[in-house]
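What follows is a short report on a single structure.
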Amino acid sequence: MSRTSDWADLIGRALLSLIFILGGINKAFHFDQSQAYMSSQGVPATHLLLAVAIVIELVGGLGILLGRFTRTMASLLFLYLIPVTYYMHGFWHATGPMAQEELAHFLKNVALMGAFLFVASHHPGRFSIDSLIYRARERERAAAGERRIRAA
């Protein structure tokens, strides 16, 4: 991989994770308002689901940012966005300017889902914890192989 590609992977992961990290923090600090909004959208069990949403957004966002369990975190956030997009951005229920706003949020989430599919199917790049762990394991395997050769 090129140096440009490595930096693009890091910056792309940072930009992609930002909406989830900040969203999770915002939901946690404004729990009651977030819960009321979820209720207004017809979401059941809002207290429990909001807590789950906060954890998924923070853990998933940080995982993508740091490049740790990247493919798993991208898959988790992809799956998370399916019900979120349906329940929270149902533009088909809205009218007037609100319909346009919900459509924009709906399409943003669909685009994010596409980005997460891309991330889930690719290596997170050199500047990731996953890559550091992989390279350390490869060095250990090589060293173990050399020790076996010398011992033989």
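The values are calculated or read from the model by the stated rules, or taken from the named source; none is laboratory data. Quick caveat: nothing in here was measured; it's all calculated off a predicted structure. A quick note on method: Cβ atoms are made from the backbone with ideal geometry, for glycine too, and the neighbour counts reach across all protein chains shown.
Structure summary
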{"quantity": "Checking Phe20 against (1) farther than 30 Å from Arg126 by Cα; (2) surrounded by 12 or more Cβ atoms within 10 Å (Cβ to Cβ), the condition it does not meet", "calculated": "(1)"}
{"quantity": "Candidate set: the range 39-52, residues that are outside any loop (DSSP other than H, G, I, E, B) and not β-branched (Val, Ile, Thr); chosen: the one farthest from Tyr80 (Cα to Cα)", "calculated": "Ser40"}
{"quantity": "Given (1) in a helix (DSSP H, G or I); (2) more than 30 Å from Ala36 (Cβ to Cβ), index of the condition Met73 fails", "calculated": "(2)"}
{"quantity": "Filter result (over 27 Å from the mean Cα position of the chain (by Cα), loosely packed, with under 13 Cβ neighbours inside 10 Å and among the small types (Gly, Ala, Ser)) within the range 84-104", "calculated": "Gly96"}
{"quantity": "Sole exception among (1) more than 11 Å from the chain's Cα centre (by Cα); (2) at pLDDT 95 or above for Ile19, by number", "calculated": "(1)"}
{"quantity": "Which numbered condition Gln100 misses (of (1) within 22 Å of Val59 (Cα to Cα); (2) in a helix (DSSP H, G or I))", "calculated": "(1)"}
{"quantity": "Restricting the range 38-52 to residues that are surrounded by 13 or more Cβ atoms within 10 Å (Cβ to Cβ) and free of Cβ contacts under 8 Å to residues at least 12 places away in the same chain, the residue that is farthest from Phe116 (Cα to Cα)", "calculated": "Ser39"}
{"quantity": "Residue that is surrounded by the most Cβ atoms within 10 Å (Cβ to Cβ) [pool: residues in the range 110-152 that are within 25 Å of the chain's Cα centre (by Cα) and part of a loop (DSSP other than H, G, I, E, B)]", "calculated": "Pro124"}
{"quantity": "From the options Val59, Val55, residue that is surrounded by 14 or more Cβ atoms within 10 Å (Cβ to Cβ) and either assigned to a helix (DSSP H, G or I) or on the phi > 0 side of the Ramachandran plot (or both)", "calculated": "Val59"}
{"quantity": "Any hit, the range 102-119, residues being at pLDDT below 95 and not aliphatic (A, V, I, L, M)", "calculated": "yes"}
{"quantity": "Any chance Ile11 is loosely packed, with under 14 Cβ neighbours inside 10 Å, assigned to a helix (DSSP H, G or I), of a type in the set (Val, Ile, Thr) and under 16 Å from the mean Cα position of the chain (by Cα)", "calculated": "yes"}
